[in-house]
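A quick write-up on the structure given underneath.
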Amino acid sequence: AYEVLYHNNYAKYALRGIWAALGGGSGAHAVASALLEESSSFVNTTILVQRFLVGAILGARLAVNVTLTEVDDESITAYVNITGTGESAKTIYTDILLRIACEDDMGPCPLPGTIVENANKCTGDLPAFMNAMMGLRFPHAQGPNLSCVAGPRARQKCYNLPFYVQPDECDDAVTNFLSNRSVVNFFERGRNLIDADTGKSLLGRLKDEGQLIVVARFDKVEFGQRPHRVGPGAKVEVRTAISLLNGKKQLMHHQSLWLISRDGTGEAGRDDVLLASGFVLCACVNRGEMKPMPIVSWWEDMTSAFCGMST
């Protein structure tokens with residue numbers, strides 16, 4: 001929309017770099033083969049923290065730099081920064097700290113030995129500033145707007161967006177199940193609030209009035225929290241609760257993705273399954289100068305059912 005790379009692509013590029021390291025240079029296919037041959041399992045990914053620093057313009061040439069900072073039999077933690085190349089080599093577009101682990105139908109399981117062996121060949125230290133970032137946590141939804149991960153019955157405190165998974169939203173190259181990048185896209189849909197009376201986007205109205213909402217950071221975004229493998233045609237729902245921070249200049253979105261119960265109602269919620277969850281920090285900025293500014297008052301009024309205040 002703004003001629004910049006969508007933020008979900010950065011995590012996709014980071015995982016490609018990690019797969020190249022874990023696959024001994026052969027990439028995702030070698031990792032998938034090891035998973036299927038040794039344990040019939042799949043990878044569970046958590047974005048521990050991700051900062052969005054500069055938006056890469058479409059067509060920019062990027063470099064993905066991977067450091068595996070922790071390796072054991074059950075999980076691998078990787079620090080990835082994505083930079084420019086050539087004259088832009090010093091530009092860091094994003095940096096990410098991810099943790100990957102294995103799950104099968106019974107729950108967590110050891111990583112295949114070949115993956116651990118390859119990982120141990122390319123380990124390094126985590127930058128000190130990222131250690132400090134891991135200790136930083138933002139206040140989240142409080143008061144009447146409790147966490148939307150509290151359970152399916154908390155959905156009345158959230159902005160809820162149901163839809164069906166499409167074939168192109170699954171990872172055909174590895175499992176044909178819902179991909180991580182699609183989950184990030186679904187969270188973005190959940191942040192694009194719609195006026196129930198007019199059917200128009202609140203973000204579009206903000207833009208017309210000179211304000212933009214930009215993504216600043218992901219915090220503890222967990223994918224695949226349960227070994228439910230979701231494919232095309234599954235009905236899912238994104239649930240979003242919001243806290244206003246820093247003088248209403250920041251919006252903390254607590255988001256979760258649920259597999260809707262088989263009875264199709266999604267109302268009772270007792271059989272709904274949590275698929276992913278996390279926090280997305282956004283900033284409200286002036287459209288012209290991109291400087292932080294408080295969000296307009298009408299936005300608060302229209303989102304009061306699922307938006308709270310934190311200091």
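The values are calculated or read from the model by the stated rules, or taken from the named source; none is laboratory data. On a predicted model such as this, the values are computed, not experimentally measured, just so you know. In this analysis, Cβ positions are derived from the backbone assuming ideal geometry, glycine residues included, and neighbour counts consider all displayed protein chains. Ligands, DNA and RNA are stripped out before the accessible areas are found, and what is left, the full protein with its side chains, is counted by its heavy atoms. Shrake-Rupley method; radii C 1.70, N 1.55, O 1.52, S 1.80 Å.
Assess whether E300 counts as being in a loop (DSSP other than H, G, I, E, B), at pLDDT below 85 and either charged (D, E, K, R) or open to solvent by less than 50 Å² (accessible area, probe 1.4 Å) (or both). Step through it out loud before you land on a result.
Working: in a loop (DSSP other than H, G, I, E, B): no; at pLDDT below 85: yes; either charged (D, E, K, R) or open to solvent by less than 50 Å² (accessible area, probe 1.4 Å) (or both): yes.
Against the criterion (in a loop (DSSP other than H, G, I, E, B), at pLDDT below 85 and either charged (D, E, K, R) or open to solvent by less than 50 Å² (accessible area, probe 1.4 Å) (or both)), E300 does not qualify.
When E74 is evaluated against the numbered criteria (1) modelled with pLDDT of 90 or more; (2) among the acidic types (D, E); (3) surrounded by fewer than 18 Cβ atoms within 10 Å (Cβ to Cβ), which criterion, by number, is the only one it fails?
Tallying (1) modelled with pLDDT of 90 or more; (2) among the acidic types (D, E); (3) surrounded by fewer than 18 Cβ atoms within 10 Å (Cβ to Cβ), E74 fails exactly one: (1).
Name the residues in the range 233-256 that are over 11 Å from Y159 (Cα atoms) and touching a Leu at 6+ places or on another chain (Cβ under 9 Å), would you? Working first, answer last.
First, pick out the residues of the range 233-256 that are over 11 Å from Y159 (Cα atoms): 233-236, 243-252.
Hits for the range 233-256 are A234, K235, V236, S243, L244, L245, Q250, L251, M252.
Take the range 110-120 and flag every residue that is open to solvent by 30 Å² or more (accessible area, probe 1.4 Å) and either among the aromatic types (F, W, Y) or not in a helix (DSSP H, G or I) (or both). Write out each step before concluding.
Going through the range 110-120, the residues open to solvent by 30 Å² or more (accessible area, probe 1.4 Å) turn out to be 110, 113-114, 117-118, 120.
The answer is P110, N120.
Could you list, in sequence order, all residues of the range 83-109 that are among the aliphatic types (A, V, I, L, M), touching a residue at least 40 places away in the same chain (Cβ under 8 Å) and open to solvent by 10 Å² or more (accessible area, probe 1.4 Å)? Write out each step before concluding.
First, pick out the residues of the range 83-109 that are among the aliphatic types (A, V, I, L, M): 89, 92, 96-98, 100-101, 106.
Within this subset, residues satisfying the condition of being touching a residue at least 40 places away in the same chain (Cβ under 8 Å) are 96-98, 100-101, 106.
Matches in the range 83-109: A101, M106.
The conditions are (1) out of contact with any helix residue (DSSP H, G or I) (no Cβ under 8 Å at 6 or more places or on another chain); (2) modelled with pLDDT under 70, and G55 fails exactly one of them. Which is it?
With (1) out of contact with any helix residue (DSSP H, G or I) (no Cβ under 8 Å at 6 or more places or on another chain); (2) modelled with pLDDT under 70 applied to G55, the lone miss is (2).
Matching residues to (1) free of Cβ contacts under 8 Å to residues at least 24 places away in the same chain; (2) surrounded by 15 or more Cβ atoms within 10 Å (Cβ to Cβ); (3) at positive phi:
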residue: F186; (1), (2), (3): no, yes, no
residue: D197; (1), (2), (3): yes, no, no
residue: I213; (1), (2), (3): no, yes, no
residue: F218; (1), (2), (3): no, yes, no
residue: A234; (1), (2), (3): no, yes, no
residue: K248; (1), (2), (3): no, yes, yes
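Take the residues in the range 153-178 that are modelled with pLDDT under 85, touching a Lys or Arg at 6+ places or on another chain (Cβ under 7 Å) and within 20 Å of R191 (Cα to Cα); name whichever of them is surrounded by the most Cβ atoms within 10 Å (Cβ to Cβ).
For the range 153-178, the residue satisfying everything is C158.
Give V49, V4 a once-over and let me know the one that is farther than 20 Å from C122 by Cα, at pLDDT 85 or above and among the aliphatic types (A, V, I, L, M). Spell out the reasoning first.
Values: V4 fails: at pLDDT 85 or above.
Of the residues listed, the single one that is farther than 20 Å from C122 by Cα, at pLDDT 85 or above and among the aliphatic types (A, V, I, L, M) is V49.
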